[in-house]
Structure formats: C-alpha cells, structure tokens
Amino acid sequence: MDTDEPLIRARGLEKRFGDFEAVKGIDFDVHRGESFGFLGPNGAGKSSTMRMVGAVSPVTGGELRLFGLDPATDGKAIRARLGVVPQQDQLDEMLNVEDNLVIYGRYFDISYAESRAQARKLLEFVQLEDRATSKIMPLSGGMKRRVTIARSLMNDPEILLLDEPTTGLDPQARHVLWDRLYRLKQQGVTLVLTTHYMDEAEQLCDRLVIMDEGRIVAEGPPAELIRVHSPREVLELRYPAGANAEQGPALEGIGARQEVLPDRVLVYADDGEAALSEVHRRGASPESALVRRSSLEDVFLRLTGRTLVE
Amino acid sequence: MTTASTRPRATNAQRAFPLTAMLLPPALRQAHRPFRILERHWFVGKTSFIWIILGGFFEPFFFLISTDLGFGGLIDDIEVGGTLVPYVEFVAPALLAASAMNGAMYETMNVFFRINFDKTYESMLATPVTVGDVVIGDVLWATLRGAIYSVAFMAVMVAMGMTSSWWGVLMLPGSIVIALAFGGVGLTAATMLRSIEDFEYVPTASLPLFLFSATFFPVSAYGDLGWIVNLSPLYHGVALLRALNLGQLSWGLLGHVAVLLAIAVVGVSVAARRIERTLLT
C-alpha cells in the first residue's frame with residue numbers, strides 16, 4: 001500500500017434500512033496517526049457509519065476501503081486490524097475482567113500465553129490491574145469503559161474505533177479516559193471516534209466532520225471550523241422565562257448575528273464585551289449575561305439551526 | 001486489480017469437498033475458528049461443569065428407576081424387529097435419545113440471551129470471528145453437553161442391566177448425532193424467540209416430540225397413521241438407539257442418521273442466516 005493512501009477512504013458512502021436513509025452519501029479520508037471525529041446529534045448517522053467502517057454492517061451504496069481492502073469481501077482481514085469500543089461496552093458478563101481480555105485475544109488467534117500476557121499489560125495501561133479477577137457487574141461505568149478499551153487493544157490494532165467513548169460517564173472518569181486515549185494517539189494509533197460532546201471533539205480530534213441527518217455538513221480541524229463558521233466570541237443573554245423571543249427587534253444589528261433559543265439569546269460577535277455594552281445602551285438589559293469563546297456547538301447551531309444535545 | 005483476487009479465497013475444506021461447500025450457506029463456509037467459541041463457553045462453564053454432569057446423571061437415574069420399578073412389572077415384553085424384549089429395554093434407549101435432545105435444546109436456549117441481552121455475539125463479530133464460527137461453535141458446545149448427558153445415561157443403563165448387546169456402545173455416537181440435530185433445531189428456535197415469555201412455547205413443541213416419537217409405545221400402536229411418526233425428528237433418534245441397543249443392525253439405520261444430520265445442517269444454516277440478519281445489518 002502506498003504511504004499517502006488513506007487508511008480509511010469513503011466515497012458516496014450510503015446506508016439504508018428499508019426506506020430509511022441513515023447515511024446519505026458521505027466522503028471522508030482518515031490518514032495514519034490521525035485522530036478523526038464524527039460529531040453530530042443522535043440519529044445523525046454516526047453509529048451507522050462506524051458500523052460500516054467496523055466491517056460489521058454491509059455498505060448499501062458508494063465505496064468504502066480500509067487499508068485498501070473492501071469490507072464486503074475482506075471483512076475478516078479488516079477486523080483483524082481494528083480495535084472496537086462499542087457504545088454499550090458489550091463486555092462478557094459471564095467472565096471476569098482479565099478473562100474477558102484473554103478470550104477476546106483468542107478470537108484473533110493470539111496464543112493463549114501471549115493473550116494472557118497482553119491482557120495483564122493492558123490492564124496495567126488502563127489502571128485496573130487490581131481488578132483483574134473482579135466480575136464485570138460491580139464495576140463503575142468508567143471502569144467498564146476502560147476494560148472495553150483494554151479489550152479493544154488486545155490485537156494491537158492500527159485503527160481504534162470509539163463510538164461515543166465517554167457518554168454517560170462522570171467528568172472525572174471522562175478525563176481519565178481522555179488521558180489514556182491521548183497516550184494511544186502519541187503511540188501512533190489512529191483514532192476514529194463519534195461524539196456529541198464539543199469539548200471531547202476539541203480535546204481529542206485533529207480533524208472532524210460534523211454530521212446532520214445522514215450528511216456531512218462541515219469538515220476540518222476543530223479550531224478552523226470555529227474560525228470559519230463562527231465569530232470569535234459569543235455573548236449569552238438570559239431574560240426572564242418566556243421573554244427571550246421578544247428581544248429580537250431590540251438586539252437587531254448587534255454583533256454578526258443572533259440566535260434565539262428557548263432559554264437564552266446568543267449574540268455572535270468578534271468582541272463580546274462591546275456587544276454587551278451596546279445591549280445595555282439600548283436598554284435591553286438581561287437578567288444575566290456571559291461572554292465566552294465560540295465553540296463547536298455554535299458551529300453546529302450555525303450549520304443546522306439546532307442545538308446538538310436536545 | 002482483477003476481479004478474482006477480490007473474492008474470498010477457497011478454504012481447504014472447500015477444495016477437498018467441493019459438493020459440501022456448494023450445499024453449505026456462505027455463513028457456514030466462512031467458519032474458521034469455531035473452537036474459539038467453545039473455548040469461551042468452557043471458560044464460562046468450567047466452574048459449574050460438575051453440576052451439569054451430575055444433573056445429566058440424576059435425570060436418567062430417576063427416569064430409569066421409575067420405569068423399572070413402575071412400568072417394568074406391569075407391561076409385557078414388546079416385540080422389536082421380530083424379538084421380544086423387556087419393556088425397560090424398549091424404553092431406556094428412547095429415553096436416552098430424549099435426554100440427548102433435551103441436553104442440546106437446554107443449552108441452545110442460552111443463545112437467546114447471547115443475542116438479546118448479553119450482546120456476547122456482537123462483541124465476537126467485531127473480531128475476525130464470523131457468524132459461521134458462532135453457530136457451529138454453539139452447536140458443538142450444545143452437542144458436547146448432550147454427549148455428556150448421554151454418557152451418564154448409558155452408565156446408568158449398564159449399571160441397571162438395561163443393555164443387551166455390545167453394539168450398544170454405538171449409542172454414544174448415535175446420541176451425538178441426535179444432539180447435533182437438536183442443537184441445530186434449538187439454535188434456530190432461539191433466534192425466533194422474541195421475548196422471555198416465548199420460552200413457554202419450547203416445551204409446547206418438545207413435549208409432543210417426547211411423547212409421540214415411539215418413545216413409550218411402538219409405532220404399531222398408531223395403526224394406519226404410523227407413518228406420521230416419521231415426521232418427528234426425535235423418532236429417528238429413538239429408532240436408531242433402540243436398534244443399536246438390541247444389536248439389530250440394518251442399512252435402514254443409516255437413513256435415520258442421514259435425516260438427523262440433514263436436520264442439523266438445516267438448523268445451523270437457518271440460525272446463521274437469522275443471526276446474520278439480526279446482528280449484521
């Protein structure tokens with residue numbers, strides 16, 4: 001394989017379930033060593049895309065290649081080189097923590113002794129070596145996730161697929177997980193992840209695509225997406241309940257544009273403080289106001305007219 | 001790139017048995033590592049295995065002792081293939097066949113949980129393991145359980161003097177064929193269950209098989225409708241084991257073996273198809 005050929009290459013990729021089109025023709029490339037993200041709300045087609053990339057869901061239309069191979073004919077060879085962290089951990093509850101890893105390694109034809117050694121090494125990596133003989137059930141959500149990540153690394157994968165890796169975890173557990181993923185990235189593992197968390201995408205992804213209703217609506221490094229699609233700062237104004245919508249006319253012309261949400265009004269501006277002074281000068285003083293840097297959430301709102309996490 | 005090189009390569013088995021390869025559905029042709037699945041089940045079951053063996057021993061023990069004590073004295077000898085045999089010797093191999101069936105069926109019911117709750121299959125299929133590996137591995141495991149039941153059962157039969165021929169040793173491979181067939185049937189049934197409530201239907205289906213497969217009375221009791229018994233998969237197992245126990249060998253026994261093997265292949269293939277459609281969408 002050519003060195004500049006992408007590890008994953010999709011052209012016009014489609015997925016249909018009966019009449020429902022989950023993925024409506026998307027193009028993307030993922031290169032070796034890159035950390036690539038699919039960002040979008042529930043139902044955007046992220047998981048369907050991930051399952052096709054994981055060679056467990058047949059492609060309905062378009063072209064998909066991993067390592068230059070076609071998942072329709074070389075699924076087994078592709079899966080042998082992937083690590084998969086599914087949305088629900090899917091750990092084997094009938095086995096203890098270490099045996100979960102050992103048996104998983106055996107599915108890749110790793111010898112028993114090697115699998116056992118690899119399992120111990122990886123439990124150390126995810127800081128769970130003292131839980132090796134524990135059952136799965138009593139583990140916390142964050143611990144289960146770490147076991148799943150250790151399991152996905154049993155075959156030394158070239159690409160690690162993570163479907164919403166930190167959904168449902170508490171902030172502390174998320175940071176532990178991000179730290180481990182960052183280390184993997186430094187070791188040269190290509191990461192492909194889906195998320196609906198902005199901070200996660202900004203933390204982990206070198207490059208991402210924003211998906212909405214089965215399509216890619218924007219693509220680029222997080223910082224660049226923010227720069228291109230949103231002014232530098234956002235002024236958040238909160239008015240008394242139900243009064244947000246009435247503020248429209250009073251705020252007209254302030255900043256680059258406004259977005260009226262049920263609970264607040266967003267004013268996009270390069271200088272948030274100046275925009276706030278202007279709001280006060282016009283006598284439209286809110287109950288509270290906040291100036292912050294613009295984020296991927298704003299990009300998403302800009303591109304789709306909807307907030308990301310409903 | 002030529003089109004030929006994109007096709008999956010033929011396996012050794014396909015080259016050696018081109019006809020079998022053609023008859024088998026794709027999911028089964030892709031099976032390369034079913035023993036990995038057995039290994040997983042062994043890891044799960046090894047701590048409770050002794051109980052499975054003991055269970056396999058007590059069930060026939062109670063069955064046989066009640067038959068021997070109860071019916072044995074009440075019922076006259078029965079004619080099988082021209083010779084009169086004591087009722088207990090008539091019934092015991094049939095119960096052995098039913099035990100192989102139950103052992104395999106019980107085990108495959110676990111498949112329902114592996115598909116719907118534990119998600120065990122989904123994590124397996126994310127690796128080079130294929131649906132063919134999963135179903136063949138599961139049927140082999142169910143067969144192993146059926147075989148263990150059968151060994152325990154045969155030990156009890158020998159101890160209670162219910163065997164009459166050395167050919168009876170062949171009842172073990174015979175039971176394995178029965179377990180394979182019902183492993184396949186059970187696997188397909190498990191893919192059709194929609195909820196735990198549906199488990200109610202399993203005895204509804206297996207009890208008539210148990211009662212009406214010439215298990216407790218000869219086919220002649222059905223009169224002109226005797227041919228119907230041939231439709232029961234268990235009947236072929238019962239007829240096979242009964243003949244082996246009495247040492248009444250004939251070519252017809254191969255017919256029973258063929259029916260059971262065909263059921264196994266169909267069961268496993270249908271189950272593979274259904275699992276593929278549920279999980280690899």
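The values are calculated or read from the model by the stated rules, or taken from the named source; none is laboratory data. Bear in mind that the values here come from a model prediction, so they are computed numbers and not experimental data. Because the Cβ atoms are built from the backbone with ideal geometry, glycine has one as well, and the counts that use them run over all protein chains shown. Please note that ligands, DNA and RNA were not included when accessible areas were found on the heavy atoms of the full protein model with its side chains. Shrake-Rupley method; radii C 1.70, N 1.55, O 1.52, S 1.80 Å.
Residue pairs whose Cβ atoms lie under 6 Å apart, sitting 6 or more positions apart in sequence or on different chains, and linking a residue in the range B:32-46 that is at the interface with another protein chain (Cβ under 7 Å from one of its Cβ atoms) to a partner that is in a helix (DSSP H, G or I) and among the β-branched types (Val, Ile, Thr), are B:Arg40/A:Ile103; B:Phe43/A:Ile103. The number of residues in the range A:183-202 that are buried (at least 18 other Cβ atoms within 10 Å of the Cβ) and over 12 Å from A:Ile159 (Cα atoms) comes to 8.
Looking across the range A:286-305 at every residue that is over 16 Å from A:Gln258 (Cβ atoms) and open to solvent by 60 Å² or more (accessible area, probe 1.4 Å), the one that is nearest to the chain's Cα centre (by Cα) is identified as A:Arg293. Looking only at residues of the range B:96-122 that are within 25 Å of A:Met154 (Cα to Cα) and open to solvent by less than 10 Å² (accessible area, probe 1.4 Å), we find that the one that is nearest to the other protein chains (Cβ to nearest Cβ) is B:Thr120.
Name the single residue that is surrounded by the most Cβ atoms within 10 Å (Cβ to Cβ) among those in the range A:23-52 being within 19 Å of A:Arg79 (Cα to Cα) and of a type in the set (Val, Ile, Thr). So the residue we want is A:Thr49.
Each residue in the range A:87-100 was checked for being more than 7 Å from chain B (Cβ to nearest Cβ) and outside any helix (DSSP H, G or I), and 4 pass.
For the range B:183-281, the helices (runs of 4 or more DSSP H) that sit wholly inside it and include 2 or more residues that are surrounded by 13 or more Cβ atoms within 10 Å (Cβ to Cβ) and within 14 Å of another protein chain (Cβ to nearest Cβ) are B:252-279.
Can you name every residue in the range A:58-86 that is open to solvent by less than 10 Å² (accessible area, probe 1.4 Å), touching a helix residue (DSSP H, G or I) at 6+ places or on another chain (Cβ under 6 Å) and facing another protein chain (nearest Cβ under 10 Å)? Those that are open to solvent by less than 10 Å² (accessible area, probe 1.4 Å), touching a helix residue (DSSP H, G or I) at 6+ places or on another chain (Cβ under 6 Å) and facing another protein chain (nearest Cβ under 10 Å): A:Ile78, A:Gly83, A:Val85.
Within the range B:110-151, the residues that satisfy the criterion of being among the hydroxyl-bearing types (Ser, Thr, Tyr) and farther than 28 Å from A:Val53 by Cβ are B:Thr143, B:Tyr149, B:Ser150. For the range B:159-182, indicate whether the set of residues that are within 14 Å of chain A (Cβ to nearest Cβ), polar (S, T, N, Q) and either open to solvent by 40 Å² or more (accessible area, probe 1.4 Å) or closer than 30 Å to B:Leu280 by Cβ (or both) is non-empty. So far as the range B:159-182 goes, no, none of its residues is within 14 Å of chain A (Cβ to nearest Cβ), polar (S, T, N, Q) and either open to solvent by 40 Å² or more (accessible area, probe 1.4 Å) or closer than 30 Å to B:Leu280 by Cβ (or both).
Tally up the residues in the range A:258-300 that are assigned to a strand (DSSP E or B) and touching a residue at least 12 places away in the same chain (Cβ under 8 Å), please.
13
Among the residues of the range B:24-31, is any within 14 Å of another protein chain (Cβ to nearest Cβ) and modelled with pLDDT under 75? Taking every residue of the range B:24-31 in turn, at least one turns out to be within 14 Å of another protein chain (Cβ to nearest Cβ) and modelled with pLDDT under 75.
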